[in-house]
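The values are calculated or read from the model by the stated rules, or taken from the named source; none is laboratory data. Treat the numbers as computed from the prediction; the structure is a model and nothing was measured. Methodologically, a virtual Cβ is constructed for each residue, glycine included, from the backbone with ideal geometry; neighbour enumeration extends over all protein chains shown.
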Amino acid sequence: MLSYSIFLYDLLDGQRNIDWLPNLILVAAQTMMMLGVFRFLGRPLPRSLLPATLLAQAAVEYFRSQGAPQALVDAAYCAIVVVLAIVVLNILRRYQTVGEVRSIRLFIYCSLLVYGVVHVLRLAIGVMGIAPQIFPPDSIPMLSFFTGLPFLVISLVAFTAMSLHRTLAQSRDYEIAARANLHRFEQLMRISSAAMLLLRKGRIEDSNPKLGELFGCRREALHGLAFEALFLPGAEPVDPPGTPQHCVAVRADQSTFQAEVVMLELDEQQCLAEIRDVSRQKTLETQLRELAHADPLTGALNRRAFAARFEAFRQSFRPSCVALLDLDHFKRINDHFGHDVGDEVLITFTRLCQAHARTGDVFARMGGEEFLFLLPGCELAAAQGFLERLVQEMASLRFRGLPKGTTVSFSAGLADCPPGAELNAVLKQADLALYRAKANGRARVEL
């Protein structure tokens with residue numbers, strides 16, 4: 001536009017004041033336009049284009065300074081413009097477009113083609129002197145101005161329209177992708193086994209449907225509540241964000257459940273919280289712990305659990321006793337009547353001892369037919385009387401699989417357990433007492 005403005009000023013003024021400036025501006029502008037076309041089409045920029053154009057312009061200006069005719073100089077500039085137009089046309093011809101912008105591309109192609117043809121005519125008329133009676137030399141710049149400029153402007157406007165269309169198309173693609181991502185995120189949140197909450201300043205702003213399922217109400221009813229209101233007082237999440245925390249959550253009906261909470265800070269005002277019901281997991285963990293400390297056949301504590309309980313009691317200052325119990329002739333029962341009957345005897349004996357145990361007493365199966373009794377706060381005489389009553393109770397029991405009139409007995413060795421005593425030392429004393437009970441006729445208690 002600046003180049004053609006200078007042309008028009010010179011023509012209206014009647015003289016060529018600055019011969020080289022319009023052509024220089026025209027070529028530079030067209031070069032920049034072509035570089036813009038390369039970038040628009042996503043093609044690598046030709047590194048040699050700008051230097052080649054500058055060298056061509058320098059050569060033209062050199063010949064002009066050496067006295068070359070102005071018509072020849074104009075023709076040289078026209079040749080540069082035509083070459084640049086051909087390069088752009090070649091790029092557009094190879095550019096693949098969708099149907100919506102194919103017509104715009106064709107329009108740009110035609111406009112630049114006419115623009116190039118106009119400068120070819122200007123070249124032919126100015127240099128070769130074709131049809132001087134129709135196109136006098138002074139009218140040649142006017143031909144370029146009134147015919148070439150409109151098509152160049154039209155092509156620039158069309159390029160702008162194509163750029164806007166591509167921008168709008170990309171915006172639509174981004175919008176479609178964003179909606180798809182949002183839908184996918186909502187579906188993931190819907191099928192998630194955890195409640196996902198968006199918190200703003202400590203209050204629930206949004207959540208997935210799982211929140212309502214966990215707390216037994218519509219999730220919208222919880223929106224706006226303080227996050228701490230979901231948990232028992234004193235059992236709220238207090239650890240830093242990102243750390244799994246185990247809390248006690250309160251449902252709408254005031255029932256509670258074990259919850260695992262993880263919080264992630266988004267910014268100074270917002271954070272994301274995940275609440276997962278781990279009640280079943282906690283129950284399984286408790287059951288596993290119980291199984292790890294229980295005898296699988298009888299349900300009594302095993303030796304490991306007995307040792308742990310003993311360790312807790314041995315530092316107390318209360319007198320305690322430990323008894324080692326052994327079923328008499330148990331191997332004969334297994335050999336004559338089978339292991340099923342032997343298992344029944346073990347289970348029945350365990351139930352008898354557990355039924356007569358006091359609160360705080362510890363009963364465990366040591367292994368095979370041997371059992372242990374820890375009697376906290378019990379003197380030796382009282383412990384002996386308790387075990388003798390168990391011996392009498394055992395003699396009156398009847399067992400499935402054993403012939404009528406068959407009885408099962410046990411012997412017991414009782415040892416004192418002073419404060420701070422070691423378990424192995426106490427068991428050794430109880431084992432010696434049990435050996436004496438066996439030697440003195442069985443079905444008895446020895447100290």
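Filtered by the rule that a residue be out of contact with any Pro (no Cβ under 9 Å at 6 or more places or on another chain), outside any helix (DSSP H, G or I) and surrounded by 19 or more Cβ atoms within 10 Å (Cβ to Cβ), the range 307-355 gives 322, 323, 324, 325, 326, 327, 328.
Just checking, does the range 392-400 include any residue being closer than 16 Å to residue 363 by Cα and surrounded by fewer than 17 Cβ atoms within 10 Å (Cβ to Cβ)? Within the range 392-400, none of the residues are closer than 16 Å to residue 363 by Cα and surrounded by fewer than 17 Cβ atoms within 10 Å (Cβ to Cβ).
Tell me whether the range 376-387 contains one or more residues that are assigned by TED's automatic domain parsing to the domain that holds residue 314, more than 20 Å from residue 308 (Cα to Cα), part of a helix (DSSP H, G or I) and within 55 Å of the chain's Cα centre (by Cα). No: zero hits. Determine, yes or no, whether residue 391 is in the same structural domain as residue 298 (by TED's automatic domain parsing), modelled with pLDDT of 90 or more, of a type in the set (Val, Ile, Thr) and assigned to a helix (DSSP H, G or I). It is true that residue 391 is in the same structural domain as residue 298 (by TED's automatic domain parsing), modelled with pLDDT of 90 or more, of a type in the set (Val, Ile, Thr) and assigned to a helix (DSSP H, G or I).
Scanning the range 431-447 for residues that are touching a residue at least 12 places away in the same chain (Cβ under 8 Å), within 18 Å of residue 330 (Cβ to Cβ) and small (Gly, Ala, Ser) gives 437, 443.
In the set (1) at pLDDT 85 or above; (2) outside any helix (DSSP H, G or I); (3) surrounded by 15 or more Cβ atoms within 10 Å (Cβ to Cβ), the condition left unmet by residue 212 is number (2).
Look at (1) modelled with pLDDT under 70; (2) of a type in the set (A, V, I, L, M); (3) over 22 Å from the mean Cα position of the chain (by Cα); (4) loosely packed, with under 13 Cβ neighbours inside 10 Å and you find that residue 191 fails only one, number (3).
In a residue-by-residue description of the range 286-305, the property of being under 27 Å from the mean Cα position of the chain (by Cα) and touching a residue at least 12 places away in the same chain (Cβ under 8 Å) applies to no position.
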